[in-house]
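Taking it in order: structure first as structure tokens, then the write-up.
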Amino acid sequence: MNCDDCWYNSYDEEQDEYYCSRYFDEDEMERLLRLGGRCPYFRSGSEYDVARKQ
């Protein structure tokens, strides 16, 4: 899975970089590391994809 295609991938203009806008608490971060980096919250597509389906 590629973070570039994730719903939660956001751009920070001040830092000039992309970041995951999904908040991970300590337990979720541990689960993410246990899964080997496979994010359980990955959602493919963008708001444009959602709007096309309506």
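Before moving on, here are some points about what is shown:
- Candidate residues Arg34, Arg22: accessible-area rank, largest first, probe 1.4 Å: Arg34, Arg22
- Local net charge near Cys20, Cβ-Cβ under 15 Å (Lys/Arg +1, Asp/Glu -1): -2
The values are calculated or read from the model by the stated rules, or taken from the named source; none is laboratory data. What you are looking at is a predicted structure, and each value in this text was computed from that prediction instead of being measured. FYI the Cβ positions are ideal-geometry reconstructions off the backbone, even for glycines, and counts take in every protein chain you see. Surface areas here come from the heavy atoms of the whole protein model, side chains and all, with no ligands, DNA or RNA. Shrake-Rupley method; radii C 1.70, N 1.55, O 1.52, S 1.80 Å.
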